[in-house]
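**Q** Just passing along the structure, written as structure tokens.
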Amino acid sequence: MQEKMIEILNKQLQLLDAVNTVNELYDWKNKTRIFICRIYPEKSQQYKLFNSISAYPSIYSADTPANVPGAVSDAKNVIQGFIEDIQAFGLPNNDQEKTSSKTTKPYISIENNLSQSQNQKQNQNINIEDILKDELPPAKMREIQNIACSNEPKESKLQKIGNILQKTGIEVVSTTLAKIIANSLGIF
């Protein structure tokens, strides 16, 4: 299994040489995330490091240009680091963490209710963000992020985001909303 994962990561590393646009970067990242999830748990530093790969700085405006070569370089460094980590220390044992997280999510202790509710809400926000990134086209997602980061009044932001979602299409918006609702109800 270890050799197979290293082989897959090396292949994903090679695919980065063909990445020239933001859309190609996001496509590569979405496909690679599938393998990273099998190696590292979502709460791990490695997964967070992988998720932070972006062609845009954490704070940007509509005029901020994409830095695809920089993001590709970052991605190569991160994937190479994962390969070296696996070669040196082997695959992490995620079975215990996966089992314990599955059993603790449905049960909320009364004495720790506030803390666990906050953790559950954070996990739900991460899942909602993932759903939005998976369902909405990257260009539309960037438009929404730009609007959300602007200094406009809340009502203006909501109206503009609503207009973008209308242009995206009822099928995409319906599917996205259905997944968010199902996620919040614990269906998947």
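**Q** Give me a count of the residues in the range 12-36 that are more than 17 Å from Asp85 (Cα to Cα), over 11 Å from the mean Cα position of the chain (by Cα) and among the aromatic types (Phe, Trp, Tyr).
**A** Here the count works out to 1.
**Q** Residue check: is Asn151 within 25 Å of Ser61 (Cα to Cα) and in a loop (DSSP other than H, G, I, E, B)?
**A** Yes; evaluated as a whole, the condition is true for this residue.
**Q** Considering the range 1-30 alone, what residues qualify as being hydrophobic (A, V, I, L, M, F, W, C), open to solvent by 60 Å² or more (accessible area, probe 1.4 Å), part of a helix (DSSP H, G or I) and touching a residue at least 12 places away in the same chain (Cβ under 8 Å)?
**A** Result: Leu15, single match.
**Q** If you don't mind, another one. Within the range 37-58, is there a residue that is over 17 Å from Pro138 (Cβ atoms), over 18 Å from the mean Cα position of the chain (by Cα) and either hydroxyl-bearing (Ser, Thr, Tyr) or open to solvent by 20 Å² or more (accessible area, probe 1.4 Å) (or both)?
**A** no
**Q** Given the conditions (1) part of a loop (DSSP other than H, G, I, E, B); (2) open to solvent by less than 60 Å² (accessible area, probe 1.4 Å); (3) among the aliphatic types (A, V, I, L, M), which single one is not true for Val78?
**A** Result: Val78 passes all but (1).
**Q** A further question on this structure: Taking the range 121-138 as the search range and keeping residues that are under 11 Å from Val172 (Cα atoms) and open to solvent by 40 Å² or more (accessible area, probe 1.4 Å), which one is modelled with the highest pLDDT?
**A** Step by step, filter the range 121-138, then rank; the result is Pro137.
**Q** While we're here: Open to solvent by less than 80 Å² (accessible area, probe 1.4 Å) and either over 22 Å from Ile34 (Cβ atoms) or at pLDDT below 80 (or both): does that describe Glu111?
**A** Considered against the rule, which asks whether it is open to solvent by less than 80 Å² (accessible area, probe 1.4 Å) and either over 22 Å from Ile34 (Cβ atoms) or at pLDDT below 80 (or both), Glu111 comes out as no.
**Q** Quick check on Ile79: is it at pLDDT 80 or above, among the aliphatic types (A, V, I, L, M) and within 30 Å of Lys4 (Cβ to Cβ)? Spell out the reasoning first.
**A** Working: at pLDDT 80 or above: yes; among the aliphatic types (A, V, I, L, M): yes; within 30 Å of Lys4 (Cβ to Cβ): yes.
Criteria met by Ile79.
**Q** Let me ask something else. Go through the range 64-76 and give me each residue that's among the hydrophobic types (A, V, I, L, M, F, W, C) and within 29 Å of Glu3 (Cα to Cα).
**A** Answer for the range 64-76, where residues must be among the hydrophobic types (A, V, I, L, M, F, W, C) and within 29 Å of Glu3 (Cα to Cα): Ala71, Val72, Ala75.
The values are calculated or read from the model by the stated rules, or taken from the named source; none is laboratory data. Quick caveat: nothing in here was measured; it's all calculated off a predicted structure. When we count neighbours, we look across all protein chains shown, and the Cβ atoms used for this are built from the backbone with ideal geometry, even at glycine. Quick note on the areas: whole protein, heavy atoms, side chains included, nothing else; ligands and nucleic acids left out. Shrake-Rupley method; radii C 1.70, N 1.55, O 1.52, S 1.80 Å.
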